[in-house]
Amino acid sequence: MLPFLLLLACTSPPPPAPVVPSDPADALAALGLPRLESAAPLAIETGLPTPYAGYSVRPLSFEPWPGFRTSAALWLPEGPGPFPGVLVLPGHFGEGKTAGECQEVAHALAARGYAALAVDMPGVEEWDVPGRWLHFEQGAFNRAALLAGGSSALGLQVQIARRGLEALREAAPVSRMAATGASGGAVLAFWLALAEPSVEAVALASFVTIPREPGTGGCPCDAAPSWPGPDPSLLASFPVPSLWLSEIGAPPPAGLPATARYEVVAGPHSYTTQMRALALPWLDEHLGHVPPDPDRAIAVLQAPPYTPGEALRSPADHGTASILELALQTGGPQFWEPHPFTGWEWGVTRAPDCAGPPVLTLGAEPRDEAAILAIGACPVAVTVRAQEGAEGAAVARGQALVEGAAGAVLQATSALADPEGEVPLGVYAVGAWAPVTAAANLPAVLRDPARDPRALDPTRDPPWVHVPGGWWGGLDALYASALAVGDDPAALAAALRGQHSSPSPASASTTPSQSPGGE
C-alpha cells in the first residue's frame, strides 16, 4: 500500500497556482469612463411620496451631465437618520426602477432602515427614446458612438451610477454605502465598487460572468472594451466584501478573494425572496446596521408591496442631450488601423439580366443603381448582418463594428469574382455606409457620406457608421482617398468606371469638408 501511495503522490497534478490580482485601474481605463465635472450640479428633482409603514418612496431625477437627466426612485425610512445607503442597480429585465428585481429589494431595504436609490440606466421606462437607447439591439448605434469617442456603454453606466451615489447622499441623510443588483445590475454594481471608494460592500444576485465573456449573449452594454472575461485576476483584486448569489448551482468563479462569500440559491434568474433573505442580513453585517423593526423587516422581505410605475415617473423632462451628443463632448481623437474580421452574415443581390462587371453597392437607391447600369456595369447590393453576440465579442476583443461589416464586404468581393477572374470595379457607398469602405481594399466612390453625426438617425443608420475617432478627423483620410465624393450618381459612377479622369467640380468633389471637432 505504501508504494502505491507514494506513486499516487508523485503522479497527482500540482495544486492550482494562486491567482495574482490585477490592477483595477487598468480595467477601469479600458472602460473609457466619460469625464465627470465634480462641481457640476446634480439638479435633483423629486416628486410626491407614496407612504408605507415606516418609510416612503418617491420619484427622483438628477443630471449626471448638464442636459442629460436620469430617472430614479428614492426609498426613505422615517426619522432623521442617518441611514445606511444602498444604490439599487437594474438589470435587463425590460424595466428599470419599477421592475420587481429592483422594487422588491428596495422595499425590503427601506423597511429594514436603509435609504435606497434605484437608478435607471438610459433608454428605459419614461425615457425610452432613440437618443437614449443603450441596451439590446436597438442601442447598438449609441453604443458604437461611445466607442468611437474612446468611451463605452459600460463606462457611461458606471459614471451614472457614481453620480447616483452623489444624488443619494444629497437627497437623504446617509452614512455608509453599498450597492446591489441582479444580472446586469450585478455587473454594474461590481464595476461601480471598483471605481468608487465610497462603496463598502456589494451583493450580486444572479450574476453573469465578470467581465462579460465574449459570445455568451446578454447585452453588449455590459462588455468591457479590450477586456474579455471571465478574468480571475480582476476578481481577485476586488477591494470590498462581496456576496455572490448564483441561481444555477455552478462552482464559484475563479479568483474570488477571501472577502467574498459565494452561495447557490437555485431558482429563476432574478432577485428572489431567498436571495434577499441572504443579502440583507449580509449587508447589515458589513455596514454595521441593526434593523429598527425586525418584524416589519421580515414581513416586507417575504411579501414586498409594488409601487405603480406612474407613481415613480419623474416629474422632470429628460433633457436635451442625447448619448451621441455626450459622446461628441467626452470623446476625442484616436488612431484606428482597420483589421477586418469575418463571421458576420452577408448576402448579395445582383441586378436582373445584368452581364457587366460588378459594382458592390452599400445603401444604394434606385437612382444609384440606374447610374451604374448606364456605364455598363452591374450593381450588386451587399447586405450585412451581425449575428447575436457578435457585437459583445468584438468589443471585448477591442474591435470596432465597422471592421466586422468590412470583413463581410471583403467576403462578398471574393464571392463575386466571375469564372474569368474579373473582380468588382469597386464599391459605391451611400451615406452612413461610407465608413465600411475604409477596410474594404477596393476603389470607392461615396455619395453624400456621413460627415455630421448629428444628422444621423439611430432608428435607421447602421452602428458601424461610427469609426473610432471618425468624428474628430478620423474619416478625413478615408474620404480624401476615395475616387470621388459627391451627390451626383452619374458622375460618381463615371469616376468608378474610369470613363473620365474625375467628375466635374459642380457635381462631385474629392475634397472633404471639415469633420466636427477636427480643428
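Taking only the C-alpha atoms, wrap a convex hull around region 345-509 and report its volume per residue in Å³ as a whole number.
123
So how strong a dipole does region 190-314 carry about its Cα centre when Lys and Arg Cβ are +1 and Asp and Glu Cβ are -1, to the nearest 20 debye?
Numbers: 5 positive and 12 negative charges, 31 e Å.
Result for region 190-314 is approximately 140 debye, rounded to the nearest 20.
Only four residue types carry charge here, +1 at the Cβ of Lys and Arg and -1 at the Cβ of Asp and Glu. Report the dipole size of the chain about the Cα centre in Debye, rounded to the nearest 20.
Charge dipole of the chain: 560 debye, to the nearest 20.
Can you tally the net charge around Ala386? Count Lys and Arg as +1, Asp and Glu as -1, for every other residue whose Cβ sits under 10 Å from the Cβ of Ala386.
Neighbourhood net charge equals -3.
Let me check against my output: what whole-number percent is the relative contact order of region 345-509, with C-alpha pairs under 8 Å and at least 6 apart? Intermediate results must be reported in sequence, preceding the final value.
Numbers: 292 pairs, mean separation 35.6, N = 165.
Normalised by residue count, the contact order of region 345-509 is 22 percent.
Order the peptides 181-187, 43-49, 441-447, 367-373 from the highest to the lowest mean number of other Cβ atoms within 10 Å of their residues. Walk me through the numbers on the way to the answer.
Details: 181-187: 28.9, 43-49: 14.9, 441-447: 22.7, 367-373: 19.7.
The densest-packed peptide leads the list: 181-187, 441-447, 367-373, 43-49.
Can you sort Tyr114, Tyr262 from fewest to most other Cβ atoms within 10 Å of each residue's own Cβ? Can you show the working numbers first?
Details: Tyr114 29, Tyr262 15.
Placing the least packed residue first, the sequence is Tyr262, Tyr114.
Under the rule of at least 5 residues apart or a separate chain, name every residue whose amide H is placed under 5 Å from the amide H of Phe83.
Here Val174, Ser175 satisfy the definition.
Any idea which of Ala351, Ile375, Pro453 is furthest toward the positive side of the dipole for region 345-509, if Lys and Arg beta-carbons carry +1 and Asp and Glu beta-carbons -1?
Farthest towards the positive pole: Pro453.
Evaluate the relative contact order of the chain (contact order divided by residue number), counting alpha-carbon pairs under 8 angstrom at least 6 apart; express in whole percent.
15
Normalised radius of gyration for the chain, please: alpha carbon Rg relative to 2.2 N^0.38 Å, two decimal places.
Output field value: 1.14.
Hey, what number do you get for the chain at 222 nm if only DSSP H runs of n ≥ 4 count, each worth -39500 (n - 2.57), divided across all residues, to the nearest 500?
-9000 deg cm²/dmol
Rounded to whole Hz and in sequence order, give me ³J(HN,Hα) for region 153-164 from the Karplus expression 6.51 cos²θ - 1.76 cosθ + 1.60, θ = phi - 60°, writing x for Gly and Pro.
In residue order, the calculated couplings are 4, 5, x, 4, 5, 4, 5, 4, 5, 4, 6, x Hz.
Can you give the Kirkwood hydrodynamic radius for region 27-330, in Å, rounded to one decimal and based on Cα pairs?
19.0
Would you work out which of Pro225, Gln387, Thr437 lies farthest towards the positive end of the dipole of the chain? Charges go on Cβ: Lys and Arg +1, Asp and Glu -1.
Positive-most Cα among the choices belongs to Pro225.
A short reminder: the numbers here are calculations on the coordinates, not readings from a lab. In this text the structure is predicted, and so the values were computed from the model without any measurement. For neighbour counting, all protein chains shown are included, and Cβ atoms are generated from backbone atoms with ideal geometry for every residue, glycine included.
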